[in-house]
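Inspection log for the structure reproduced underneath, given as structure tokens.
The values are calculated or read from the model by the stated rules, or taken from the named source; none is laboratory data. Since we're looking at a predicted model, the values are computed, not measured. Glycine also receives a Cβ, built like all others from the backbone with ideal geometry; neighbour counts cover every protein chain displayed. What goes into the accessible areas is simple: the full protein's heavy atoms, side chains included, and nothing from ligands, DNA or RNA. Shrake-Rupley method; radii C 1.70, N 1.55, O 1.52, S 1.80 Å.
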Amino acid sequence: RRQRQMCIRDSFWGSLKRGFFFTFGSLIPQMVIGLAIAQLLNHPRLKLKTLWRGLVIMPWLVPTVTVAIVFKWMFNDIYGIVNHILLSMGFIKTAIPWLAIEDMAMGILIVTNVWRGLPLMVTMFLAGLQGIPNELHEAARVDGASRIQSYFRITLPLLLPVVMIAGVLRTIWIFNFYDLPWVMTRGGPS
């Protein structure tokens, strides 16, 4: 009985550790890449803004189970396109069972989750960037501030509430994520 309790306790702590790793491994790239894409989409001289903004939101429209199945097929060791490309380019000698190896499976789950959740971050950050008045940047330019100084002293501080809200919401959603890992790995290696 004591051995069973220890096994359950170890399983719980291992699951919690993997849950935190998955959450923050997904959240940080989503926030960094999301902010960079939002900056690009907010650039005043960007042509076809509406088209680019529409394309960025597309991954969010695809159901999570569909995304999981497509990525599972892509990384399949027998007929997956990733192995096919890597084999044909000579980077690997034999097919790799991506979702059967613990570290690789977690990495693929994180990449899939980043791809799936990125549009939400881009949309939230873009909304926050558009809420910053241009007059503040113009006044900073008149006062002699460089673009980098203007970015770190005006844009980021004014965007901080949006970053905090997006981070908290996405952390909760990712930590409670169940369908993507289950469909891709069925509980997978560990």
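Placing dummy labels 7 Å off each Cα toward the beta-carbon, the span from Asp143 to Val111 is 4.5 nm.
Using only the C-alpha atoms of the range 43-85, find the volume of their convex hull and express it per residue in Å³.
On the way: hull volume 4.3 nm³, N = 43.
Value for the range 43-85: 100 Å³ per residue.
Taking Met124, Met164, Met31 as the candidate residues, the one with maximal mean-square fluctuation in a Gaussian network model of the chain, Cα springs under 10 Å, is Met164.
For Val163, the accessible surface of its heavy atoms amounts to roughly 40 Å² (probe 1.4 Å, protein chains only, rounded to the nearest 10). Along the positive direction of the dipole of the chain (beta-carbon charges: Lys, Arg +1; Asp, Glu -1; about the Cα centre), which of Gln149, Ser26, Val163 reaches farthest? Projecting each Cα onto the dipole axis, the largest value belongs to Ser26.
Apolar share of the accessible surface for the range 15-106: 75 percent from carbon plus sulfur atoms, 1.4 Å probe.
Note on the range 102-190: Rg/Rh from Cα positions, Kirkwood definition for Rh, rounded to two decimals, is 1.19. Residue order by solvent-accessible surface for Arg53, Arg147, Arg141 is Arg147, Arg141, Arg53, largest first, with ligands and nucleic acids left out and a 1.4 Å probe.
For the chain, the dipole from Cβ point charges (+1 on Lys and Arg, -1 on Asp and Glu) about the Cα centre works out to 320 debye, to the nearest 20.
Computed on the Cα atoms alone, the convex hull of the range 68-139 gives a volume of 139 cubic angstrom per residue.
Against the chain, whose longest principal axis is taken from its Cα atoms, helix 64-74 shows a tilt of about 70°.
Sorted largest first, the spans of the alpha carbon positions of the chain along the three principal axes are 69, 49, 29 Å.
Coordinate range of the alpha-carbon atoms in the range 1-110 per principal axis, descending: 67, 35, 24 Å.
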